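Asks: Questions regarding the structure given below will be posed in turn.
The values are calculated or read from the model by the stated rules, or taken from the named source; none is laboratory data. All of these numbers come straight from a predicted model, not from anything done at the bench. Note: accessible area is taken over every heavy atom of the protein model, side chains too, but ligands, DNA and RNA are not part of it. Shrake-Rupley method; radii C 1.70, N 1.55, O 1.52, S 1.80 Å.
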Amino acid sequence: MNKAEAFLMNHEKTKLNDFRTPEYLMKWIDSRFGPVDYDAACEPGVNNLFSPLRLEQVWPIGSTVYSNPPYDAPSIIKWFNKGLKHVEKGGTHIMLIPNKLCQKSFIESIHPFIQTIVFIGGRVNFEGPNITKGGSSRSGSIILINEPSGIREWAYINLCELKKEVLK
């Protein structure tokens, strides 16, 4: 057994998908890059701060779609590619993903197409039934934004400062 397999055996929640974006971060994303119309990686009726939408559905032309997909590389790449098609039709796609920019699959499938990256200082404290005590993710996260403007930029947010600002 390799180290990765041993790690997964000791962390039974790794394969679960109900890790919800905290409301303070959703509010910041909506105010900075929105208005967000749809949440494309939520369970309908559970943690939808925006209208629920699924990966398999047609994403409405010109809309702003947010997704916090499962954190495995194949899922992230599926959502990212769907978002690229959405941008080609005049929409905006915002993703919260783990900071795994050095992974070969990300370098090959995502890097050439990223427009905006927001590096997050601190770890996102996800919500929901599968979180561990303290709620923080085991890895850092980033926000990717692709939109019709095609402008390329990067930014940084500090979660402690963001919480103070949003939760006033």
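Asks: Could you sort out which of Lys27/Lys164; Lys27/Lys168; Lys100/Lys164; Lys104/Lys163 sit more than 24 Å apart by Cα distance in this structure?
Replies: Lys100/Lys164; Lys104/Lys163
Asks: On to the next question. Solvent-accessible area of Lys89, probe 1.4 Å, all protein chains present, reported in Å² to the nearest ten, please.
Replies: Taking all protein chains as shown, Lys89 has close to 130 Å².
Asks: At 1.4 Å probe size, put Cys102, Cys42 in order of accessible surface, largest to smallest.
Replies: Largest accessible area first, the list is Cys102, Cys42.
Asks: Got a number for the accessible area of Glu165? Probe 1.4 Å, square angstrom, nearest 10.
Replies: That residue has around 110 Å² of solvent-accessible surface.
Asks: How big is the C-alpha Rg of region 44-132 next to the rule-of-thumb value 2.2 N^0.38 Å, as a ratio? Please report the intermediate quantities before stating the final value.
Replies: On the way: Rg = 13.7 Å, N = 89, 2.2 N^0.38 = 12.1 Å.
Its radius of gyration relative to the 2.2 N^0.38 Å reference: 1.13.
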